[in-house]
1. Not counting ligands, DNA or RNA, and with a 1.4 Å probe, what is residue 81's accessible surface area in Å² rounded to the nearest 10?
2. Which order do you get for 179, 233 if you rank them by accessible area with a 1.4 Å probe, largest at the top?
3. Tell me the accessible surface of residue 46 in square angstrom (1.4 angstrom probe, heavy atoms of protein chains only), to the nearest ten.
4. Heavy-atom accessible area of residue 222 with all protein chains present, probe 1.4 Å, nearest 10 Å²?
5. Please report, as a whole percent, how much of the solvent-accessible surface of region 111-194 comes from carbon and sulfur atoms (probe radius 1.4 Å).
6. Largest first, what is the accessible-area ranking of 130, 118 with a 1.4 Å probe?
7. Enter the accessible area per residue of region 70-151 (Å², integer; probe 1.4 Å; all protein chains in place).
Amino acid sequence: MPAPRDRQRPPTAPSDQTASSGRAASPGRPASSGRTGRPPTTSRAEILAAARRLIDRDGWEALTIRRLAAETGVGATTLYHHVRDKDDLIVQLVNEHVDQVARPELPAGPRDRIIVAWTTIHDALAGWPWGAEVLTADGFLARLGDSALWFVETIVAGAVDHGCTRLQAVDLFRSIWYYTVGEILVRAHTVRRKDDIGDADSEFSLRALDASRYPHLAAIGDQWPARASLDLYPQVLHILVDGLLANATKKPR
């Protein structure tokens, strides 16, 4: 009677996972994935949270896929499962931020609805100025999510209900958007500059100007910084909305 065959399986070729990691699996132990102490995957929420930390710490200009990979502790390839590129990442961050903004109660009047919507947008971005900075390109509008588009629709609809054409409503939105973004960024950059250099600018006073050439500026003197620190956005917003609506509705439609 022939001897029984050895039931042990013949050796097989290393798995793709083992081959790609460059390490052979130890007897009786599963092959290593090549990662030590790091999770094999990262969720979209974790990626966005890490991106926010990086931006808050180093500024949004410092945000790159490579730096974000280092921040999250995963490879760049893993990140590309969740974001296409840096622009897509920024759009996702903006949409996530706006998703957390409560939609305001809207008044009945179309002009007042425009005011309320713009005030909410301004207040949401004022504490997050880099969000306004990355949205300075008009092309981002089509990539915004439902929460952000709700505000845009509310403003455009309010202008149309007031008597504007849809294209005039677009002009109204863009005009106030440019003012809003500019106001937020100037204030943010002013604070950043003061943090960087302290009160070094205080030695440069309008009072030192030649009054014969610049009589009004010289008379203002040191009062300019104090005036510049005032929050005039609510008053200017009302003036802009009223002026743009009046100008649009008096033109031939």
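1. 150
2. Details: 179 65, 233 5 Å².
In descending accessible area the options line up as 179, 233.
3. Result for residue 46: roughly 100 Å² accessible.
4. The accessible area of residue 222 comes to roughly 80 Å².
5. On the way: 2380 of 3930 Å².
Looking at region 111-194 in its full context, I get 61 percent from C and S.
6. 130, 118
7. 47
The values are calculated or read from the model by the stated rules, or taken from the named source; none is laboratory data. Here the structure is a predicted model, which is why all the values come from computation and not from measurement. Calculation scope for accessible area: heavy atoms of the full protein, side chains included, ligands and nucleic acids excluded. Shrake-Rupley method; radii C 1.70, N 1.55, O 1.52, S 1.80 Å.
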